1. For A:Ser318 paired with A:Ser456, estimate the spin-label separation in nm (one decimal), with each label point 7 Å from Cα along the Cα-to-Cβ line.
2. If one computes the Cα centroid of region A:390-467 and of region A:15-49, what distance in Å separates the two points?
3. Note the full-extension length gain between A:Cys59 and A:Phe126 as 0.36 nm times their separation in residues minus their Cα-Cα distance, in nm to one decimal.
4. What is the distance in Å between the Cα centres of region A:276-332 and region B:339-380?
5. Between B:Val127 and B:Leu406, what is the spin-label point distance in nm, taking each point 7 Å from the Cα along the Cα→C-beta axis?
6. Evaluate peptide A:133-145: per residue, the Cβ atoms of other protein chains within 10 Å of its Cβ; return the mean as an integer.
7. What is the set of long-range amide H partners of A:Cys364 at a cut-off below 5 Å, with H atoms built 1.01 Å from backbone N?
8. Would you work out the relative contact order for chain A, in percent, from Cα pairs under 8 angstrom that are 6 or more residues apart?
Amino acid sequence: MEAKRKKNSNPFDFLSEEIIFNILDHLNNDPFARKSFSLTCRNFYSIESRHRKILKPLCAETLSRTSARYPFITQLDLSLCPRANDDALSIVSSSPWKLTLRSINLSRSRLFTKVGLSSLAVNCRFLTEIDLSNGTEMGDAAAAAIAEAKNLERLWLARCKLITDLGIGRIAACCRKLKLLCLKWCIRVTDLGVELVALKCQEIRTLDLSYLPITEKCLPPVVKLQYLEDLVLEGCHGIDDDGLASLEYSCKSLKALNLSKCQNISHVGLSSLIKGADYLQQLILAYSFWVSADLSKCLHNFPMLQSIKFEDCPVARSGIKAIGNWHGSLKELSLSKCSGVTDEELSFVVQSHKELRKLDITCCHKITYASINSITKSCTSLTSLRMECCKLVSWEAFVLIGQQCQYLEELDITENEVNDEGLKSISRCSKLSSLKLGICSNITDEGLTHVGSTCSTLKELDLYRFVTFHLCA
Amino acid sequence: MDLKEGLRAETWAKSSLAENEMSKRISSNNPCFTDFNSQQYQQKWEDPSILDYDIRINPAFQEFNQPPQNQSSLPCDPTNQIKNPFQMNENLQTNKMQDWDPKAMLNNLSFLEQKIHELQDLVHLIVGRRSQILGRPDELVAQQQQLITADLTSIIVQLISTAGSLLPSMKHTLSAATPSMGQLGQFGGVPFPPGAGLSDSVQVQNSCAKKVSNQSNPIDLVGNSGTQQNHAVEEHDLKDEDDADDGEQLPPGSYEILQLEKEEILAPHTHFCTICGKGFKRDANLRMHMRGHGDEYKTPAALAKPHKESSSEPMLIKRYSCPYAGCKRNKDHKKFQPLKTILCVKNHYKRTHCDKSYVCSRCNTKKFSVIADLKTHEKHCGKDKWLCSCGTTFSRKDKLFGHIALFQGHTPAIPLDETIKGLAGPSDRREGNEATSKIGSTNFNFGSSVPNGTGVSDMDAKGNVDDPTNYFSPLNFDTCNFDGFHEFPRPPFDDSENAFSFLIPGSCNYIQKTGGETSLNTLK
């Protein structure tokens, strides 16, 4: 009797599907765990197949069978399937996924045409996100096919060089719910297309207009977008200071702005573009801006400014120093490849911004031990430090890093003078997940052993050109 | 005899008649006349007395300059009411109205008399000829008939023009003259008051006259280089409607309304050669054609543009009315708006009252009734390339986008014949050539770290797609594999890192080192 009862009652029957889904959510980081779970029994197999929402198949030929096994996929990443063609897309749009699919990534496939896109857009009614980057053969007809997806919210069309204003106009007029649009390198899109996007898609939060042949004529409707948070104008050579000065309005809701490689914009243009943007958090001004005192003064009044990146910019020492005078507290600062940065200014800056989480001083050749000293003293909550190729920094500095910056998760000390002592100290950063030690000629196995033994969360280790390597530990 | 007469008729048409000739002809023609006519003429001959003309009947022909021989002055007997149309301008010497310029009137009337006599003789000739048709070979008959009709038309034209010159001087005729004016509106101003016993004859004569007039109308009203004014006057006269009033009841200084017939407006040719009857649209073309008919047409005088007679109606402005009933351009309309020239009338009539028979060959949609309108349209047809989803075309792209921005639901129409490869070909091939040269060098380097077979097979695999895409595959190849190798020169592909960064957002650093591996896996 007892055995019978025991036989009949399966404790797993008490677990509802919801609970098991919850359990499976925790296994998301471990694909093997999920696989073994699904192979346990038929019940678990069916539960796992109903649970899975994200799929990244390795080939497109198995899609029909996969859709039978996993009918509730919402996110389909076909970036590993370069042969995904119209047939694959029609399979997707006729499978059970047509009711559940919300996001699809086709950025690595070029074999599909407007026919496949049209079937996808029409049948998958809930499709909100399509990544069609690198679609170098897609033209306006394909854009018209995409425009049939009325619920589209996020669309990437980077490097779709054949799409013109007509195609973008069609998308803008049809997809009114667009929140993210990336038109990077769509070199046939001009002011007219961008204007239409800004007029029709009022919900846009993120707009990437990099490398488009646009001028300031398209900016007035863009800056009037109420919800625009992220604007990328990288490589827009058609926009210059005078054009920006003619803007009557500025974008009040802007949170992130990227003006890299805009050779014709200086701090004057920048200030006219961001005036009144009280919520500005992130600025990327790489490759083009002269980091001068004027520029720093422009950025004076943004209390929310958290992240600023001056990659490969010519710097004036006064400019760097002026950063230290800002009101807000920076969380992320990048002076990568800005070779004019010296100890004095950098020390001043980090002392003013003690909340720095990420600091990038790659290729700042003049930095010495003194800077690292100030950094480690002031910014103890640093999570990411990149100091590739700071050759003047002596080995003692790395000891300091290990001692002070306990929260470090990412450390790039490629091509530095770090030695085993330093590595030993660094290995005390228990949260380290990425460590790059390329071209460090002074480290040996001993240091690595320390790292290997204590950094349990390490995921990435770069030992490029490591000199001696004895497999042990 | 007939031929001689025909020849003489020709010369009549060309030169002014000598009264001697005329009288001779009249006398010689007598035997040819029909009984009735001969009777009449005999009556006239017998009765040289000039009877009083009833002013009511035909005051226009009161003035008559009698030739000395006076045999041509054929009095018309108002009592017996013989209304011979050929007698109408006779016998008014005593009844001259002295109120207007008498001498001009006399001249005109004498001329008219001569012409009418000629006309009468010619018609008799025709009548006579018809009775002799059987006895003659057909070609000769046809020739002679042609000659006669040609003479006839010229005579009639002269008659009409001269009669028309008399018209304005009749403005101040009494109201009692209106019935005769109405009759004057008919051909040659022929009055036909009812005649008791001679109604038949009158009708016969009338029909003859009408026949003549009908012959002349379609053939040529402008056979000789008549002036515009003459045309207008002739057409005015020919119109069956009551237009005689317009010429007289308009107060001086206001415009004069003229109305053409529908057939006149729609006639393809308006100028006709008197010799061969060929039709021309323009007077200048006719003059050029006439050069082929003899040396007398090659003189500068004959070739020159005919000078408009300034004697008659110099101060009046002419405006035109559309003959279509109910049209706003019709003079009878309440809100009459006149047209300015004959060309305006023609274009208006064709555009408004004719059906559109010419279709544009490009759009196959627009139809026109006037060829000039069609040509103007074809100049600009198809120029608008930018098309909205609502069907509106625009000549410029920014106009199209402005339109779309205004309205919800409008989208740009994308042309269906877009060939992607065609568009991609020229520009990207250049890039592709650069790419292949770089790939050539870098592939070699790449081969050192990866087996050559993989690299080569990858190129082949991607190359299978299409010939143009062979140029693209190196680009894709590059984005897959070149991130990890910083020493390779990559100026055309400097977007590759960024391309990667947005492909897999948030983990770009990670990908840079391992991207090479994963893409190698996919290639295999």
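The numbers here are math on the coordinates, done by the rules we state, and not lab data. Predicted, not measured: the structure shown is a model, and the values here were computed from it. For neighbour counting, all protein chains shown are included, and Cβ atoms are generated from backbone atoms with ideal geometry for every residue, glycine included.
1. 5.4 nm
2. Distance between centres, Cα-based: 38 Å.
3. 21.7 nm
4. 69 Å
5. 7.6 nm
6. So the per-residue partner count for this stretch is 5.
7. The list, which skips near neighbours in sequence, is A:Lys337.
8. It comes to 5 percent, rounded to a whole number.
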